[in-house]
Amino acid sequence: MQRHFELPCGAEPVAGGVRFRLWAPRATAVAVQLGDAGAALPIPMQSEGGGWYSLVTQRARPGSRYKYVVDGQAFPDPASRFQPDGVHGSSEVIDPRAYQWSDEGWRGRPWEEAIIYELHLGTFSQTGDCAGAIGHLDDLRALGVTVIEVMPVAAFPGNRNWGYDSVQLFAPAACYGRPEKLKPLVEACHARGLAIMLDVVYNHFGPEGNYLHAIAPDFFTERHHTPWGAAINYDGANSRPVRDFMIANALYWLDEYHFDGLRLDAVHAIFDDSDPDIITEIGRAVRNRLTDRPIHLVLENDRNEARRLRREDRRVIDYTAQWNDDFHHALHVLVTGETAGYYADFATQPAALLGRALATGFAFQGEPSPYRGGELRGERSDALPATAFVSFQQNHDQIGNTPFGTRITERASDAAVHAAVAIVLLSPQVPLLFMGEEWACSRPFTFFCDLSPPLDQAVREGRRREFAQFPEFADPAVQERIPDATALANFENSKLDWTERNEGQHAVWLGRYRRLIDIRRQDIVPRLAGISPGGDCQMLGPAAFRVEWRLSDGAGLILLANFDEEKAPLSRAHGGRLLYATAEPPSAVLAPVSAAFFLEAAPG
C-alpha cells in the first residue's frame, strides 16, 4: 500500500519528472540548482503570480539533490521531505510512493483507552534513532502503554536537539534516520496495537537554518512578537500561503506518515487575529480530511481556552484534549514544596487547586493569575469531560527546564511521588508518562542542542540568566555548575539506561506502574467513553481532599488524597471496592502523604 500527500510546495515526483514549487513573493528570479553548485546551470522557474514559482523537469528524479536559487542566492527547500546533510545542505527529492506500507488494517485506538508515553528519539535508546526505538516497543506494550508520543522529529540544526528548533517542518531529522526509517516505526507501533502521535511546532522556527526569512520575508510579521522574535504571519497581508503551509504540514504527518495524532506545541505563542484562526483551521482541516480512524489532536495552551476542546453530543469537534499544566503545577507544589516561578500561582492553596483541576479541568478558569501580574487566565471548563485533559507528573518540559534536568524521584519523598503517580494513572483524565519515569530512571533529562557559533554561546549565557532569578543560583560561581546545553556529554547523559529498570528500587517502581496501569485498563478505561462532565471536590484539610467522579456506567470513582504529614480525618464513610492505596487503606482517617481510590457501584 502507498501513501502520498501532495504538498502545495516543495518537490513532487510527477509523470513528467519532478515538479518544483516555491513561494518567494519578493523575488525577481527563482531557479532550481540540481546537484552540487556549479555542476550545471540552475534551471529557471516560471512565475505563476501571487509570489509562486514552479518548474517541471525530467532532469530530476527521486534521489536528486537540489537547492533553490532566489535572486542569486542558493537555499535548501523550506518544504523539503529530507535533508541528508542537515539543514544547511541540499534537499533530496523523495518519492513517498516508493515505500510500501503494511499497516492498512490499522483502525486506530479510541481516545478513552489512551495511556500516553512521551519519548525523545535521540535519548530513548542507545542508538538514538528510529530503529533503536522499535527495539523497546515491546517493553512499552508490556508496561500497558497504548499511545506513543514522539517529541518533534522535523529537521533541526546539528545532531542533537529537543526538536523545538525545527526549521524544515516536512523533513525528518537525518540523525534519526531517513523517511523510510521513520515509517517502519509507525508501522511497528501499529503492529503492536500502539497508536503513535507526533509533537509539532507551529509557533516559531529555530534560530539556525531558517532560510524562510530570506526566501519569503512575508512568512513573518513585526505586528506580533514571540519569545523567539518576529511572529509567524498568520493574519497579515500575504498570510494565506503561510496558513496553507502549516495546514499541509499537519495533514502530511497524519496522512503520508500515518501518525494517529498531533500535539501542537505552545499554541498560546501563536498570534492570529483571523476568524477562524490558524489553530481552528488546522483542526477543521484534519477533521474534514481524515475520517477513517480516530485522530487525536492535543494542545499545549497556557491560556486555558476551554472552547477549543468543546464537544457536541459528546463528540470531539476540533481538539481532543489539552495538556493540563494546572494539574501538574498544583501537584508539583504539593509533592516538592517548590513555589518559585509559575508555581507561585499555586503556592497558597495547592490542594484546593489540584482538587478543582481534577474535578472540573482547569484550576484557573477566569481567575487572576498573580504570576502574570493579575491577568485573568482561563475559561470555565466544567462542561468538559475529564478525558479532555491530559494529566502528568513529569514531561520533557517539567524535567528538562530545571537547571540539572532532575527527575521528580530525586526531588521528593517516595510516599509523595507514589501518591502523585496513583492520582495521574487512576483519575479519569488521560495520563501521560515521560520516558523512564516508570522505573524512576536515575538519568537526568537536560536541555541540549547543537547550534553553531555564536548561537551556542548565546544558549550557554541564556541558560545562566534564566536560572539567575532563583536564589540558589544568584552566585555566578554556582551558575557555572549548570550543564552546558551544547556539550555532547550533556546529551549522552540524558540517554535512558534500560539496564537499571529491573534492579532494586527501580524494579519496585516499575511494579507499581504496571499494577496501576493494569487497574486503569480493567476498571476505569471501560467506563470512560461517554463520561459525564465535572466531578465533585471536598476539602478534608489544608492539604487533603476527596474527589468523586460519575463514570459512564453510573459507577462512582472516589479519590481520597492527603499530602500533609499528619493524618486527615474523614468527614464521611466511604464505600465501594478499594482499587489502590499507596499507604494504609483509609478508615476513619486518611494516612499522611497518601492516596487511595475506590470504585462504587452504580446506584440501583
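Values in this text are rule-based calculations from the coordinates and carry no lab data. Computed from a predicted model, the values in this text were never measured in an experiment. Methodologically, a virtual Cβ is constructed for each residue, glycine included, from the backbone with ideal geometry; neighbour enumeration extends over all protein chains shown.
Please list, in order along the range 214-219, the HN-Hα scalar couplings obtained from phi with the Karplus expression 6.51 cos²θ - 1.76 cosθ + 1.60 (θ = phi - 60°), rounded to whole Hz, x for Gly and Pro.
Each residue of the range 214-219 in turn: 8, 6, 9, x, 5, 5 Hz.
Treating the angle as unsigned and between 0 and 90°, give the value, to the nearest 10°, between the Cα long axis of helix 325-336 and the longest Cα principal axis of the chain.
Orientation of helix 325-336: about 50 degrees from the principal axis.
Taking 8 Å as the Cα distance limit and 6 or more residues as the minimum spacing, I'd like the relative contact order of the range 146-303 as a percentage.
Once normalised by length, the contact order is 21 percent.
Taking the dipole about the Cα centre of the chain, with the C-beta of Lys and Arg at +1 and of Asp and Glu at -1, give me whichever of Leu578, Val87, Leu264 is farthest to the positive side.
Farthest along the dipole direction, towards plus: Leu578.
What is the dipole size for the range 10-98, taken about its Cα centre, with +1 at each Lys and Arg Cβ and -1 at each Asp and Glu Cβ, in debye to the nearest 20?
160
Give the relative contact order (percent, whole number) for the chain; include only Cα pairs under 8 Å separated by 6+ residues.
Worked out over the chain, it gives 11 percent.
Percent relative contact order of the range 535-600, based on C-alpha pairs within less than 8 angstrom and at least six residues apart?
Across the range 535-600, relative contact order equals 32 percent.
Residues with amide H under 5 Å of Gln322's amide H, sequence separation 5 or more or different chain, H placed in the peptide plane at 1.01 Å from N; which?
Under 5 Å from the amide H of Gln322: Leu299, Phe389, Val390.
Near the amide H of His296, under 5 Å away, which other amide H atoms are found, from residues 5 or more places off or on another chain, if H is placed in the peptide plane?
Sorted by chain and number, the residues that satisfy this are Gly261, Leu262.
In units of 2.2 N^0.38 Å, what is the alpha-carbon radius of gyration of the range 274-410?
Relative to the rule-of-thumb radius for its length, the range 274-410 sits at 1.13.
How much of the DSSP bridge set in the chain is antiparallel, in percent, rounded to the nearest 5?
In the chain, DSSP labels about 70 percent of beta bridges as antiparallel.
Where the centre of each part is set by its Cα atoms, how far does the range 300-362 sit from the range 76-114, in angstrom?
A separation of 33 Å, based on Cα centres.
Can you tell which of Val390, Ile295, His213 lies farthest toward the positive end of the dipole of the chain, using +1 and -1 charges on the Cβ of basic and acidic side chains (Lys, Arg; Asp, Glu)?
The residue sitting most towards the positive pole is Ile295.
Order of 460-466, 166-172 by packing, highest average Cβ count within 10 Å first?
Highest to lowest by the protection proxy: 166-172, 460-466.
What residues have an amide H closer than 5 Å to that of Arg311, excluding those fewer than 5 places away on the same chain, when H is modeled at 1.01 Å from N in the peptide plane?
none
Output wanted: per-residue J couplings in Hz (rounded whole) for the range 519-535, from phi through Karplus 6.51 cos²θ - 1.76 cosθ + 1.60, θ = phi - 60°, x for Gly and Pro.
Using θ = phi - 60°, the values come out as 4, 4, 4, 7, 9, 10, 3, x, 10, 9, 4, x, 4, 6, x, x, x Hz.
Please state the charge dipole magnitude for the chain, taken about the Cα centre, from unit charges on C-beta atoms (+1 on K and R, -1 on D and E), reported in debye and rounded to the nearest 20.
1080
As an exercise, find the ratio Rg/Rh for the chain from alpha-carbon atoms, using the Kirkwood inverse-distance average for Rh.
0.98
Quickly estimate the mean residue ellipticity at 222 nm for the chain, helices only: each DSSP H run with n ≥ 4 gives -39500 (n - 2.57), and the total goes over all residues, rounded to 500.
Here the helix-only value at 222 nm equals -6500 deg cm²/dmol.
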